[in-house]
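Structure record follows, encoded as structure tokens.
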Amino acid sequence: MKIDIVSIFPTFFDVLDISLLGKARQNGVINLDVHDLRDFTFDRHRTVDDTPYGGGAGMVMKPEPWGLALDEILGITEGQAQDDQAKKPADQDAPAQTDADAATTAADGSIPPLVIFPSPAGDVFNQAMAKELAHEDHLVFGCGRYEGIDQRVFDYAEQHARVRLVSLGDYVLNGGEVATMAMIEAIGRLIPGVVGNPESLTEESHEDGLLEYPSYTKPSTWRGQEVPPVLLSGNHGAIEKWRYEQRVERTRRVRPDLLPPE
Ligand SMILES: N#Cc1c(-c2ccc3ccn(Cc4ccc(CN5CCCC5)cc4)c3c2)n[nH]c1N
């Protein structure tokens with residue numbers, strides 16, 4: 001899988017050089033590049049933001065640097081970009097995720113990349129989405145900051161790729177980097193060859209709608225607390241039954257919304 005990230009804080013993603021994802025990059029399972037949005041500016045201050053039309057607090061990210069970054073990453077030629085200028089402006093009322101005007105197949109018939117913009121206004125990310133996105137060949141993450149990105153960037157991206165606005169959850173972050181990191185980790189661990197033992201991906205919270213069972217390791221007694229005897233019994237059928245019961249009980253207690261209607 002090819003992953004491109006655009007951010008004004010590229011060093012934020014240095015952590016992706018270590019651990020499982022770092023190994024996956026070293027062995028070529030994941031090809032990840034991080035792009036500094038300011039490399040697509042040409043003024044002395046490398047400006048990426050400006051005041052919002054219509055007024056309001058804060059600043060909005062300018063479209064020009066984003067357009068150049070997306071052109072480079074998506075392989076959009078100058079001619080194609082100029083063609084877009086001739087096109088009717090996107091319907092301002094259409095949601096930024098309209099598939100109807102998304103480029104669903106490239107000129108050579110290949111599936112174009114999926115461009116993900118983390119946004120509080122996006123579909124909420126979950127394990128089902130992670131599993132779906134783990135099948136993509138090329139993901140591009142556009143990390144906004146300030147009060148967000150000029151809407152025309154999303155509309156432009158949709159003319160050349162598939163675009164999704166995705167939210168990490170119902171709270172407000174300061175930008176898209178944390179969400180991008182979380183999504184890359186959740187998606188990356190589902191890619192074959194990233195996690196050493198694929199069996200460890202089953203029976204996880206949210207994998208099959210139930211939360212995970214409690215885990216224990218040596219010593220069998222610790223500060224007066226014992227490991228549940230069934231786990232020391234060697235009776236694999238009993239262990240499997242106990243673990244399932246624990247998953248149902250924990251889900252019923254912590255996340256009853258995940259349980260199927262009775
Ligand atoms: N994923 C995800 C996210 C994000 C997220 C993702 C990307 C960006 C880019 C900038 N911000 C900060 C921001 C965004 C909007 C507002 C609201 N304003 C009102 C009037 C115009 C906007 C204010 C701050 C971001 C936040 N927050 N929470 C999630 N789950």
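The values are calculated or read from the model by the stated rules, or taken from the named source; none is laboratory data. Since we're looking at a predicted model, the values are computed, not measured. Glycine also receives a Cβ, built like all others from the backbone with ideal geometry; neighbour counts cover every protein chain displayed. Heads up: the accessible areas ignore ligands, DNA and RNA and are worked out on the full protein's heavy atoms, side chains in. Shrake-Rupley method; radii C 1.70, N 1.55, O 1.52, S 1.80 Å.
Could you please let me know if LEU210 is farther than 25 Å from ASP71 by Cα, buried (at least 20 other Cβ atoms within 10 Å of the Cβ) and in contact (Cβ under 8 Å) with a residue 12 or more places away in the chain? Spell out how you get there, then give the answer.
On the way: farther than 25 Å from ASP71 by Cα: yes; buried (at least 20 other Cβ atoms within 10 Å of the Cβ): yes; in contact (Cβ under 8 Å) with a residue 12 or more places away in the chain: yes.
Criteria met by LEU210.
Exposed (fewer than 14 other Cβ atoms within 10 Å of the Cβ), modelled with pLDDT of 95 or more, in contact with a strand residue (DSSP E or B) (Cβ under 7 Å, 6 or more places away or on another chain) and in a loop (DSSP other than H, G, I, E, B), is that true of GLY169?
Values: exposed (fewer than 14 other Cβ atoms within 10 Å of the Cβ): yes; modelled with pLDDT of 95 or more: yes; in contact with a strand residue (DSSP E or B) (Cβ under 7 Å, 6 or more places away or on another chain): yes; in a loop (DSSP other than H, G, I, E, B): yes.
So GLY169 fits the description; yes.
Restricting the search to segment 213-249, which residues are under 26 Å from LEU190 (Cβ atoms), open to solvent by 70 Å² or more (accessible area, probe 1.4 Å) and assigned to a helix (DSSP H, G or I)?
Within segment 213-249, GLU240, ARG243, TYR244 meet the criteria.
Tell me, which residue of segment 131-155 that is more than 10 Å from the ligand (Cβ to nearest atom) and assigned to a loop (DSSP other than H, G, I, E, B) is nearest to the chain's Cα centre (by Cα)?
Applying the filter and picking the extreme gives ALA134.
Of the conditions (1) assigned by the TED database to the domain that holds ARG38; (2) more than 16 Å from the ligand (Cβ to nearest atom); (3) of a type in the set (A, V, I, L, M), LEU231 clears all except one; give me its number.
Of everything listed in (1) assigned by the TED database to the domain that holds ARG38; (2) more than 16 Å from the ligand (Cβ to nearest atom); (3) of a type in the set (A, V, I, L, M), LEU231 misses just condition (1).
Residues of segment 23-59 being open to solvent by 60 Å² or more (accessible area, probe 1.4 Å), closer than 20 Å to THR11 by Cβ and not in a helix (DSSP H, G or I), which ones?
Result: ASN31, ASP33, HIS45, ARG46.
Only one of these is acidic (Asp, Glu) and either surrounded by fewer than 12 Cβ atoms within 10 Å (Cβ to Cβ) or touching a Cys at 6+ places or on another chain (Cβ under 9 Å) (or both): GLU262, GLU204. Name it. Don't jump to the end; show me each part of the working.
Numbers: GLU204 fails: either surrounded by fewer than 12 Cβ atoms within 10 Å (Cβ to Cβ) or touching a Cys at 6+ places or on another chain (Cβ under 9 Å) (or both).
Every option except GLU262 fails the conditions.
Could you tell me how many of the residues in segment 111-130 are crowded, with 21+ Cβ neighbours inside 10 Å, within 10 Å of the chain's Cα centre (by Cα) and not hydrophobic (A, V, I, L, M, F, W, C)?
Count: 1.
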